[in-house]
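Data first, discussion second: the structure below is written as C-alpha cells.
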Amino acid sequence: MLHGTAEEAQPDMRIRIRLAISGLVLASIIVSAVGVHVLWWRTAETNSQTLAATINEQIVAAVGKELETITTQARAAHTAIRTLFVQNVLGTREADKREFVFLSQLQSQPGISWVAFGCPNGDFFAAHKLGDLGLEMMEIAPVDGVVKRRVDTYQVVVDDIQFEKRGFEGTDFVVTDQEWYKKGIASDEPSWFEVTAHPVGLRPSIACVGPIDVYQKRQGVLAVIIENTRLAQFLSQLSVGKTGAAFILGRGGSTIAAPDPDADGSHQRQVTATFVGPCPSGMQPGQIQTADGQIIDMPTGRGGFGGGGGGSGGASNEAAPAGGGNQTQ
C-alpha cells in the first residue's frame, strides 16, 4: 500500500521540479532583460545629455560671438567718427562730410542701425539703416522758424548707394530730452545705454554713447545704435532642436531679443517682451542656461548699460551690454 503511494507521488514531484526549473529560467531571463535594458537606458541617457550639452555649447558660443562682433562694430564706428571730430578732420557742422562719414560707417559695419549726433542747441543729425536694402539720412533743425525733420532716402545698390528722394515733415523728437543724450553730454567717456525713442518711433535698441570735445569745447554727443531687430534676425537663424530657441534677456527679466526671421530695420517691429514671474528655470538675467540645466555666467567687462551705469550682462558687458542672457532649450 505504501509502495503504491510512493509511485504515485513521483510524477507530481517531477512536475514540481520542472516547474521550478522553468520558473528559475524565466526569472533569469527577466532579470537579464531588465539589467540589459537599464544599462542601455543609462548609456543612452548619458549620450543624449552629452550631445545636448555639446550642441548647447556651440549655440551659446555662436550667440556670444555674434554679440561680441556687433558691439565691437559699434565701438569701432564710434571711435573712428570721434577721432575725425576730435582731430578736426571733420567738423560737426560740415553737413556734406558728416553725411558721407555716417553713411559709410553704416555700410561698412553691417551690425549697426544708426549713427547719430546731437547738439546742445537741439539740432540732431543721423544716418539710419532701413533693413539691408535702404538708408536714410535725417536732420532735425529749424526751417523758417519751425523745427522739421529732413529725410534723404537712399537705395543700396552694388558697392554703392543711390539717392532716391528728399522730404520734410514735422517732428516732436527733441534730442536734448533723451536720457542717453543727458547722460552722454555730462560724461567723459563712452558708455552703453538702452534707447527706445527715435525720430521714427519706438524701437528698442542699445547704443554706444559718448561726448565729442573739440579744442576742449563740448560740441555734442555721438551715438552708435544697434536696434534689437538686428539681434532678432540672427537668433532666428539658430537651430535649437525641434522646438527650442535662443533668447537674449535683460537684467529685469525682459527679452532684449527673441527669434524673428521677419525682423527688419525698415519696419517698426517691437521684439521685446516681458516675462511674468522669474526667469525660466531659476536662471538669473545675464546668464545662459543650456538644455542639460547648466547655467553659465556671461563674461562681464567695463561699461554701463541702461541709465548710464548699471550694466546688463551680455557676451561681455563692454562688448554686449544689452544682452542680459541667452537661453537655449
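Computed quantities for the displayed model
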{"quantity": "Given (1) within 16 Å of PHE117 (Cβ to Cβ); (2) surrounded by 14 or more Cβ atoms within 10 Å (Cβ to Cβ); (3) charged (D, E, K, R), index of the condition ARG218 fails", "calculated": "(2)"}
{"quantity": "Selected residue [surrounded by fewer than 20 Cβ atoms within 10 Å (Cβ to Cβ) and touching a Gly at 6+ places or on another chain (Cβ under 7 Å)] from PRO142, PRO211", "calculated": "PRO211"}
{"quantity": "Close pairs (7 angstrom Cβ cut-off, 6 or more residues apart or separate chains): surrounded by 18 or more Cβ atoms within 10 Å (Cβ to Cβ) in the range 68-82, in a helix (DSSP H, G or I) anywhere", "calculated": "ILE70/ARG230; ALA77/GLN105; ILE81/VAL101; ILE81/GLN105"}
{"quantity": "Which listed residue is without any contact (Cβ under 8 Å) to a residue 12 or more places away in the chain and surrounded by 15 or more Cβ atoms within 10 Å (Cβ to Cβ), from LEU130, LEU90", "calculated": "LEU90"}
{"quantity": "Number of the exception - SER239 against (1) under 23 Å from PRO120 (Cβ atoms); (2) out of contact with any Asp or Glu (no Cβ under 9 Å at 6 or more places or on another chain); (3) of a type in the set (S, T, N, Q)", "calculated": "(1)"}
{"quantity": "Any hit, the range 95-118, residues being among the charged types (D, E, K, R), surrounded by 13 or more Cβ atoms within 10 Å (Cβ to Cβ) and more than 19 Å from ILE225 (Cα to Cα)", "calculated": "yes"}
{"quantity": "Qualifying positions in the range 131-141 - over 12 Å from ASP152 (Cα atoms) and at pLDDT below 90", "calculated": "GLY131, ASP132, LEU133"}
{"quantity": "Hey, ILE29 at negative phi, touching a Ser or Thr at 6+ places or on another chain (Cβ under 6 Å) and either in a helix (DSSP H, G or I) or in the same structural domain as GLY131 (by TED's automatic domain parsing) (or both) or not", "calculated": "no"}
{"quantity": "Hey, GLU57 in a helix (DSSP H, G or I), of a type in the set (Asp, Glu), closer than 30 Å to PRO190 by Cα and outside the structural domain of LEU106 (by TED's automatic domain parsing) or not", "calculated": "no"}
{"quantity": "Any hit, the range 53-69, residues being farther than 16 Å from LEU235 by Cα and of a type outside the set (Ser, Thr, Tyr)", "calculated": "yes"}
{"quantity": "Test: residue in the range 106-120 that is at pLDDT 90 or above, under 16 Å from VAL209 (Cα atoms), of a type in the set (Ser, Thr, Tyr) and touching an Asp or Glu at 6+ places or on another chain (Cβ under 6 Å)", "calculated": "yes"}
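The values are calculated or read from the model by the stated rules, or taken from the named source; none is laboratory data. Fair warning: this is a prediction, and the values are worked out from it, not measured in the lab. FYI the Cβ positions are ideal-geometry reconstructions off the backbone, even for glycines, and counts take in every protein chain you see.
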